[in-house]
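This report concerns only the one structure given below.
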Amino acid sequence: MYQKIIRVDPSALSAEEHAQKGVTKWRYLHWRDTTSSTSTLGFRIEGIMMEDGNIQRDFRNILTLAQVTETLLFFTRNQLNVLKAFHSRLLALDDALKSSFFFRKHEVIGSSLLFIHDHSSKASVWMIDFGKTVPLPDISELKHDVPWTEGSREDGYLLGLTSLIASLSQAIHLAS
């Protein structure tokens, strides 16, 4: 984790971290979140596999809604039907989550949205990676539309989903 930070921004590390040549996992995750669109949009793009099998993983510089929109247009090759399918699926997911008892009673940490489309314009989105999703230990409920802060159980999931829906709306407008 120390090496990952060094490759991107050695000045982000303290003298103590340089001396130890290491950082805690929390420190690395916090740095990654604050230097990506996670801090500005509530989510980040981890990777894209194109139809030719080419995998891209360097999305660290994507910080704005406009940059996400450009990336979505690139990934879908401006296919309006694919963009509309993704948008529709995310709106349905948003509705389902807001009415879900399970969602209100669980922290959703480290999950992902998997976007898939093919050459025939079939497209959908699925929630995946629930290994760190945990139930709340008490009778309280989460709103999921509050930014995460240290000590808070809120995960901001709906903030990221709202940003992503807005980006897809922009992409649809541009592709039309």
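The numbers here are math on the coordinates, done by the rules we state, and not lab data. Only a predicted model underlies this, so the values are computations on that prediction, with no experimental measurement involved. As a convention, Cβ positions derive from the backbone with ideal geometry for all residues, glycine included, and neighbour counts pool all protein chains shown.
Full extension of the chain between Ile128 and Met49 yields a length gain of 26.8 nm, computed as 0.36 nm times the residue separation minus the alpha carbon distance.
Each of Arg32, Arg57 was scored by other Cβ atoms within 10 Å of its Cβ. Listed from fewest to most, they are Arg57, Arg32. Values [x] 25, 19, 15; [y] 29, 24, 13; [z] 48, 17, 13 are given for comparison; semi-axes √(5λ) of the Cα gyration tensor in Å, derived from the coordinates here, is the one labelled [y].
Taking the fewest neighbouring Cβ atoms within 10 Å as the starting point, the ordered list for Tyr157, Tyr28 is Tyr28, Tyr157. For Lys98, list the lysines whose Cα falls under 28 Å from its own Cα; do not include residues on the same chain fewer than 8 positions away. Answer for Lys98, where 28 Å is the Cα cut-off: Lys84, Lys122, Lys132, Lys143, listed by chain and number.
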